[in-house]
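Bear in mind that the values in this text are calculations on the coordinates, not laboratory data. These numbers come from a predicted model, not from an experiment. Positions of Cβ are backbone-derived with ideal geometry, glycine not excepted, and every protein chain shown enters the neighbour counts.
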Amino acid sequence: MAFCLFVVLLVLDQVVKSYVSTAMLLGETIPVVPGIFHITYILNPGAAFGMLAHQRWFFILAGIIIVAAFLYYYPRLRRQCGWFHYGCVALLSGAVGNLIDRIRNGLVIDFIDFRVWPVFNIADIAIVLGVASMIYAILYKMKDTED
């Protein structure tokens with residue numbers, strides 16, 4: 001099931017990014033709900049909010065480290081509660097989706113534009129929901145084994 005989640009999120013991210021990058025011009029915006037939600041094609045040279053712009057090799061290295069750490073710890077992760085396990089899988093899927101962009105283009109394709117927030121993509125959603133799921137698991141679902 002975890003593998004299916006990983007694949008679905010990664011394929012959805014890459015297919016939509018491919019469509020946006022071929023069907024739209026860079027900087028083009030399509031209002032879905034005018035003034036509230038647009039599809040806007042941009043290339044992001046940094047992380048969230050454009051932080052650490054143009055640090056391509058840093059982000060590629062960080063992505064590779066995340067993948068390696070996930071693979072190393074996965075046997076232990078599988079034994080954790082579902083919220084933590086699947087949160088890690090979602091985070092990995094998002095990290096790999098953006099890593100593919102950085103390796104291919106040096107930049108990440110972003111397109112979801114709510115006008116009051118920086119433009120983002122499906123991989124970013126997977127990362128945020130994965131981390132939120134992990135935090136939820138740590139705070140409310142994981143048993144304290146130190147007793």
Original post:
Relative to the longest principal Cα axis of the chain, at what angle does helix 2-23 sit, 0 to 90 degrees, rounded to 10?
Top reply: 10 degrees
**OP:** Rounded to the nearest 500, what is the 222 nm mean residue ellipticity of the chain from helices alone, with -39500 (n - 2.57) per DSSP H run of 4+ residues and division by all residues?
**Re:** -19500 deg cm²/dmol
Original post:
Given H placed on each backbone N at 1.01 Å, which residues far from Ile39 in sequence or on other chains put an amide H within less than 5 Å of it?
Top reply: Ile30, Val32
Subject >> Descending Cα extents along the principal axes, region 1-127, whole Å >> reply: 45, 31, 25
**OP:** Lys and Arg at +1, Asp and Glu at -1: add these up for the other residues within a Cβ distance under 15 Å of Asn98 and post the number.
**Re:** 0
**OP:** Report, to the nearest 10°, how far helix 56-77 tilts away from the longest principal axis of the Cα atoms in the chain, using its own Cα long axis and a range of 0 to 90°.
**Re:** 30 degrees
**OP:** Treat region 73-147 as a sphere of radius equal to its Kirkwood radius over Cα pairs and apply Stokes-Einstein at 10 °C in a medium of 1.306 mPa s; give the translational diffusion coefficient in µm²/s, rounded to a whole number.
**Re:** 116 µm²/s
**OP:** Find the relative contact order for the chain and round it to a whole percent, using C-alpha pairs within less than 8 Å whose residues are 6+ positions apart.
**Re:** 31 percent
Original post:
Which net charge results when you count Lys and Arg as +1 and Asp and Glu as -1 among the other residues whose beta-carbon is under 10 Å from that of Asn121?
Top reply: -3
